[in-house]
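Structure record follows, encoded as structure tokens.
Any read-out appearing in this document is the output of simple, stated calculations on the displayed coordinates, not a laboratory observation. Predicted model only: the values in this text are computed from it and were never measured. Positions of Cβ are generated from backbone atoms using ideal geometry, with glycine treated the same way; all protein chains shown enter the neighbour counts.
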Amino acid sequence: MATPGFRPTHVVPQHGMPAWEAPDPARPTVPLDPLLPVQLVERRGDWGHVLCANGWSAWVDGRFLVAVPPDPPAADGPLARTADPRPLLARAEQTLGDYRAAVEALASGGLDGETFRARTRGRRVGVVVDGESVWLYDAQHGRWVYADGTRLSTFATDEAPRAAVQDHAPTQVVTPDGP
């Protein structure tokens, strides 16, 4: 059961992590599961005291916790046609419906495993709804977007940052004796 008002500030790294009853390496306890959402409630040097959603707490090496980004700002401008969340919601709904139909066909024996894999290959959908906020995965553009019900804004992208385009010659280091 989740603790009322629990808001994670961090998640455990993808391979899990050791935990201790106190900030003392001689008092180990059960390790934390990978990607477990936690709330960092206290720091003591490298030690971090974390609270889990179920109310359990432990001490960890706080340097390895992965910070959860803050919520994006709420959209405050007028609805822009290109930022309308409805087309992306419709694509997510269609993809999920197609996947569900394939699962139903597989479960009823209408599809074999290979046909199921072929039918679902390449489908990607991601939706997180939290009250008025929604995070959607836009597979066409390889990005997560945030919407507050009226507008979309990019939250994270699959691509690494691109190098800036240089429209001038590279800078040269010049010594006092010449180039």
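The table below lists the values:
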| quantity | calculated |
| --- | --- |
| Spin-label zone in the range 2-42 - amide nitrogen under 13 Å from a point set 7 Å from the Cα of residue 130 along the C-beta vector | 5-11, 37-39 |
| Distant-in-sequence amide H partners of residue 151 (H built 1.01 Å from N, under 5 Å) | none |
| Most to least packed among 14-21, 142-149, 25-32, 121-128 [average Cβ atoms within 10 Å] | 142-149, 14-21, 25-32, 121-128 |
| Residues whose placed amide H lies under 5 Å from that of residue 19, excluding near-sequence neighbours | 29, 32 |
| Karplus-derived 3J(HN,Hα), 6.51/-1.76/1.60, for each residue of the range 117-129, Hz, glycine and proline x | 4, 5, 5, 9, 4, x, 6, 9, 8, x, 9, 10, 10 |
| Amide H within-cut-off set for residue 38, under 5 Å, with H built and near neighbours excluded | 9, 10, 11, 12 |
| Computed E for residue 89/residue 22 - FRET, C-beta separation, R0 41 angstrom, nearest 0.05 | 0.30 |
